[in-house]
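The values are calculated or read from the model by the stated rules, or taken from the named source; none is laboratory data. Keep in mind the model is a prediction, meaning the values are calculated, not measured. Ideal geometry is used to build each Cβ from the backbone, glycine not excepted, and the neighbour counts take in all protein chains shown. In case anyone asks, the SASA skips ligands and DNA or RNA and just uses the protein heavy atoms, side chains included. Shrake-Rupley method; radii C 1.70, N 1.55, O 1.52, S 1.80 Å.
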Amino acid sequence: MTEQFIVEVAGEQHLHFAELICAEMESSAKARGTGIAKRSPDYIKQKMLEGKAVVAFTKQGEWGGFCYIESWSHDKYVANSGLIVSPNFRKSGLAKMIKQRIFNLSRTKYPDAKIFGLTTGLAVMKINSNLGYEPVTYSELTQDDEFWKGCQSCVNFDILMSKERKNCLCTAMLYDPLDKKPVNNSTNSNGRFLGKNSKIVERLMQIKQVAFLGKNKLSMIFGLLNKI
């Protein structure tokens with residue numbers, strides 16, 4: 001099914017997608033109950049014109065997905081932000097294509113930067129793992145205040161601040177080019193863990209959410225552990 005898509009670096013010819021992209025970002029965040037940093041159409045257009053975004057569409061011209069690059073701490077850190085796929089094309093493999101393309105673009109533009117992301121989605125965690133990302137603590141991410149301001153539009157922002165930006169419902173993942181470890185899905189420990197034991201990861205993510213938000217936390221946590 002992925003053969004029907006074109007995934008390329010965005011440019012002036014894609015500016016007409018900006019309004020649609022922003023609307024879908026907001027709709028998706030509300031549906032999940034978590035936040036993608038809210039961006040304006042002008043901001044999305046700026047990323048396109050700077051060559052710091054990837055857009056996907058069908059060969060017939062229908063918009064399919066989007067992701068953009070942000071850099072922090074004097075380009076020492078890079079985030080692939082705002083990943084969004086049209087509801088018409090979810091579970092088609094398009095998200096993986098977009099993530100691979102934006103990752104390659106990030107490595108080209110910022111070859112020495114650490115690439116990081118925050119996510120609550122198991123599917124994104126699996127894609128990131130296959131690209132060479134590893135789960136890390138929040139202390140290993142950029143401490144640039146401007147980055148964390150982007151979380152203000154998320155419904156969990158109060159949790160983040162109450163934890164002094166050291167933890168939240170999102171899982172932090174990081175690709176460090178200095179490690180220079182080749183990614184081999186058959187031997188990479190993270191890839192094996194996320195790939196063959198995705199149900200365990202999903203349970204652990206549920207446990208994390210319960211620890212922050214649930215009532216009767218201990219009993220729920222033990223109940224979840226018993227199902228692993």
Given (1) within 26 Å of Met173 (Cβ to Cβ); (2) surrounded by fewer than 14 Cβ atoms within 10 Å (Cβ to Cβ); (3) at pLDDT 95 or above; (4) among the aliphatic types (A, V, I, L, M), Ala31 misses just (3)
Mind checking which residues of segment 68-81 are open to solvent by 10 Å² or more (accessible area, probe 1.4 Å) and among the small types (Gly, Ala, Ser)?
Ser71, Ser73, Ser81
Restrict the check to segment 58-67 and report whether at least one residue is part of a strand (DSSP E or B), of a type in the set (S, T, N, Q), open to solvent by less than 20 Å² (accessible area, probe 1.4 Å) and touching a Phe, Trp or Tyr at 6+ places or on another chain (Cβ under 9 Å).
yes
Please give the helices (runs of 4 or more DSSP H) falling wholly within segment 75-153 in which 3 or more residues are in contact (Cβ under 8 Å) with a residue 24 or more places away in the chain and over 20 Å from Arg39 (Cα atoms).
94-109, 122-131
In segment 111-150, what residues are within 14 Å of the chain's Cα centre (by Cα), open to solvent by 40 Å² or more (accessible area, probe 1.4 Å) and at pLDDT 95 or above?
none
